[in-house]
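The values are calculated or read from the model by the stated rules, or taken from the named source; none is laboratory data. Just so we're clear, the structure is a prediction, and the values are computed from it rather than from any experiment. Every residue, glycine among them, receives a Cβ derived from its backbone with ideal geometry; neighbour counts consider all protein chains shown.
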Amino acid sequence: MDGINMEAMMKKLFTVCILALFSFGCSNANAKAELKLESMMCGMCSATIEDEISKLDGVVKVEIDDEKKTGVFTYKASVINLSSIETAISKLGYSANDTKADPDAYKVLSKCCQIGTR
Ligand SMILES: [Cu+2]
């Protein structure tokens, strides 16, 4: 008997936790910022940045404009800040605003993704 009640209680508690987590997420305003991604060369570049940055904790949405070479990043300001995002992009081998691409990461990019090879 006790075991069953305990299980029901745990389930209830779990649901409450999930609900709390959601409402917390909603009340937490997202920050949105546009970054210049001038070193992007092709669709592979933007796909890499989009995929990898989306995976970061606190990043909500990444929208990259290949034509304009910019990216709009939506993120939870309480979890991650813009300079961390810039650093992460740099570590992928691309520049972000005034943050230069990490030279080691840039070197291993596909040839088509390196500046001046198009
Ligand atoms: Cu590329």
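Brief remarks on what is shown
- Within segment 79-118, restricting attention to residues that are polar (S, T, N, Q) and modelled with pLDDT under 95, the residue that is nearest to Leu37 (Cα to Cα) is Gln114.
- Restricting attention to segment 30-84, the residues that are over 21 Å from Lys100 (Cβ atoms) and of a type in the set (S, T, N, Q) add up to 4.
- Checked against the criterion of being in contact (Cβ under 8 Å) with a residue 60 or more places away in the chain and of a type in the set (Val, Ile, Thr), the candidates Ile85, Ile115 yield just one match: Ile115.
- Of all residues making up segment 11-39, the number that are modelled with pLDDT of 80 or more and under 27 Å from Asp57 (Cβ atoms): 11
- Residue in segment 106-118 that is part of a helix (DSSP H, G or I), within 16 Å of the ligand (Cβ to nearest atom) and small (Gly, Ala, Ser) present: no
- Of the residues making up segment 39-57, those that are part of a loop (DSSP other than H, G, I, E, B) and touching a residue at least 24 places away in the same chain (Cβ under 8 Å) are Ser39, Met40, Met41, Cys42, Leu56.
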